[in-house]
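Student: I have a structure I would like to understand better, so I am pasting it below and will then ask my questions one at a time.
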Amino acid sequence: MTVRLQASDDIELLVTLLHDADEDDARIRTTLTNPAYMSAVALVGEQVVGAVTVRWQEDESEIEYVAVVPEARGRGYGKEIIAQVVEEGRRRKVGSLLVGTANSSWENIAFYQKCGFRMDHVRRDFFAYIQPPIVEDGIPMLDMLVLRYRL
């Protein structure tokens with residue numbers, strides 16, 4: 001399996017791919033059109049298997065969105081996307097990478113830790129604007145857990 005990241009400015013394709021990372025397509029579009037962010041599609045051969053959006057900064061960069069298409073999940077593509085972002089961060093001499101996920105998203109929390117991220121801090125009430133709150137496994141989505149990968 002070889003996943004390669006390819007820069008993309010195809011907003012509608014990226015919105016479709018990243019919808020699972022954020023249910024608010026308008027917010028995704030706003031991020032994708034912001035020049036502070038770089039977006040890429042993940043390809044296996046010519047097949048699109050996912051996408052990632054990163055805000056690159058020298059000291060601390062943040063993965064804003066990462067997603068793998070449903071039919072390609074569980075095959076290691078997500079880990080490979082993260083590995084390539086980590087390598088790009090090293091190439092750019094970034095100090096660390098941040099990623100945030102909901103306090104209720106157990107699978108995401110485990111995934112990022114398996115990729116080498118460590119718990120860093122909590123953005124309390126980050127998801128308070130979602131009413132009624134989304135509930136995952138009986139836990140209301142309220143806070144964002146931020147994990148850090150030191151490069």
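Student: Would you confirm whether any residue within the range 117-128 is basic (K, R) and either in the same structural domain as L17 (by TED's automatic domain parsing) or part of a strand (DSSP E or B) (or both)?
Tutor: Yes, because at least one residue in the range 117-128 is basic (K, R) and either in the same structural domain as L17 (by TED's automatic domain parsing) or part of a strand (DSSP E or B) (or both).
Student: Check off (1) surrounded by 15 or more Cβ atoms within 10 Å (Cβ to Cβ); (2) not in a helix (DSSP H, G or I) for N34 and give me the number that stays unchecked.
Tutor: (1)
Student: Looking at E71, is it under 19 Å from E12 (Cβ atoms) and charged (D, E, K, R)?
Tutor: Numbers: under 19 Å from E12 (Cβ atoms): no; charged (D, E, K, R): yes.
No; evaluated as a whole, the condition is false for this residue.
Student: Taking the range 74-125 only, how many residues are within 18 Å of P140 (Cα to Cα), surrounded by 15 or more Cβ atoms within 10 Å (Cβ to Cβ) and in contact (Cβ under 8 Å) with a residue 12 or more places away in the chain?
Tutor: Counting residues in the range 74-125 that are within 18 Å of P140 (Cα to Cα), surrounded by 15 or more Cβ atoms within 10 Å (Cβ to Cβ) and in contact (Cβ under 8 Å) with a residue 12 or more places away in the chain gives 7.
Student: Restricting the search to the range 37-73, which residues are polar (S, T, N, Q) and either touching a His at 6+ places or on another chain (Cβ under 7 Å) or surrounded by fewer than 22 Cβ atoms within 10 Å (Cβ to Cβ) (or both)?
Tutor: Within the range 37-73, Q47, Q57 meet the criteria.
Student: If you don't mind, there's one more thing I want to ask. Being closer than 15 Å to E64 by Cα and in contact with a Ser or Thr (Cβ under 6 Å, 6 or more places away or on another chain) is the filter here; which residues of the range 90-101 pass it?
Tutor: L97
Student: So which pairs qualify, if the first residue must be in the range 39-63 and free of Cβ contacts under 8 Å to residues at least 60 places away in the same chain and over 21 Å from G100 (Cα atoms), the second must be part of a strand (DSSP E or B) and among the basic types (K, R), the Cβ gap must be under 6 Å, and the two must be at least 6 apart or on different chains?
Tutor: If the second residue must be part of a strand (DSSP E or B) and among the basic types (K, R), the pairs left are L43/R4.
Yes or no, residue by residue, for (1) on the phi < 0 side of the Ramachandran plot; (2) modelled with pLDDT of 95 or more; (3) out of contact with any Asp or Glu (no Cβ under 7 Å at 6 or more places or on another chain):
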residue: E64; (1), (2), (3): yes, yes, yes
residue: A67; (1), (2), (3): yes, yes, no
residue: G78; (1), (2), (3): yes, yes, yes
residue: Y129; (1), (2), (3): yes, no, yes
residue: R148; (1), (2), (3): yes, yes, no
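The values are calculated or read from the model by the stated rules, or taken from the named source; none is laboratory data. Quick caveat: nothing in here was measured; it's all calculated off a predicted structure. Every residue, glycine among them, receives a Cβ derived from its backbone with ideal geometry; neighbour counts consider all protein chains shown.
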